[in-house]
Amino acid sequence: MEFHFPGGTVFVKSGGITNERVDAIVNAANSSLMGGAGVDGAIHSKGGVAILKECREIRQTSYPNGLPTGKAVITTAGDLPAKHVIHTVGPVFGQNSGNDSDLLARAYTSCLSLAAKHQLRSISFPSISTGAYGFPKDAAAEISSLSIRAFLMNYEQQMIVNLVFFSAKDFELFGNHHKF
Ligand code: AR6
């Protein structure tokens, strides 16, 4: 599936995020930035210690109490084929006093804004918050597509945005619920 906007193109596919050869892949991290399971585990184990080292520096210099939900930071991608990793923290579903949707939208927008700030031209997203953090996949499809659409409608350069689903089933589900 692909969708065209004034500020770029979205490609939707299934696969593993760590295989993406792009300017940045997005990590569905937690606020510690110290790694975890799922996407986070795959990125740190395949990317090597250089990523964790930069995450430690970010914690020490900018976010001693952890990265807040909805924010994003950028590091090297170490040994991965991508050039950078943009780490964001999605909401733990049901634990944000009714603000889950807004926080998920903010996570996508923060990643895109950070990519633009660093002049990146291609970015690949996993489906943030829909694994360990329990966000319903149908609602996440609506929110992610609306956030990306809003960004690309106003972006003055060209960005390639890949949405990478871990299974054919999740890819299909997205196809039935997106708002592009
Ligand atoms: N490539 C693409 N998608 C993947 C991959 C992969 N290699 N692995 C899993 N997914 P999750 P979250 C899908 O749990 O919900 C970690 O422990 C998966 O099927 O990685 O934001 C962190 O440290 C799901 O649809 O992220 C945090 O503590 C989606 O990616 C916490 O989990 C996100 O699943 C974050 O939870």
Problem - Residue within segment 116-134 that is hydroxyl-bearing (Ser, Thr, Tyr), in a helix (DSSP H, G or I) and either surrounded by fewer than 20 Cβ atoms within 10 Å (Cβ to Cβ) or at positive phi (or both) present - result: no
Exercise for the section: Answer yes if at least one residue in segment 69-88 is part of a helix (DSSP H, G or I), modelled with pLDDT of 95 or more and surrounded by 21 or more Cβ atoms within 10 Å (Cβ to Cβ), and no otherwise. Expected result: no
Exercise for the section: Look at Gly66 and say whether it is surrounded by fewer than 19 Cβ atoms within 10 Å (Cβ to Cβ), near the ligand (Cβ under 9 Å from one of its atoms), closer than 23 Å to Gly134 by Cβ and of a type outside the set (Phe, Trp, Tyr). Expected result: no
Practice task
Could you pull out every one of the strands (runs of 3 or more DSSP E) wholly within segment 1-56 that has 1 or more residues that are surrounded by 14 or more Cβ atoms within 10 Å (Cβ to Cβ), among the β-branched types (Val, Ile, Thr) and within 16 Å of the chain's Cα centre (by Cα)?
Solution key: 8-14, 24-29
Problem - The one condition in (1) touching a Lys or Arg at 6+ places or on another chain (Cβ under 7 Å); (2) surrounded by fewer than 13 Cβ atoms within 10 Å (Cβ to Cβ) that Ile160 fails to fulfil - result: (2)
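The values are calculated or read from the model by the stated rules, or taken from the named source; none is laboratory data. All figures in this text were calculated on a predicted structure; none of them were measured in a lab. FYI the Cβ positions are ideal-geometry reconstructions off the backbone, even for glycines, and counts take in every protein chain you see.
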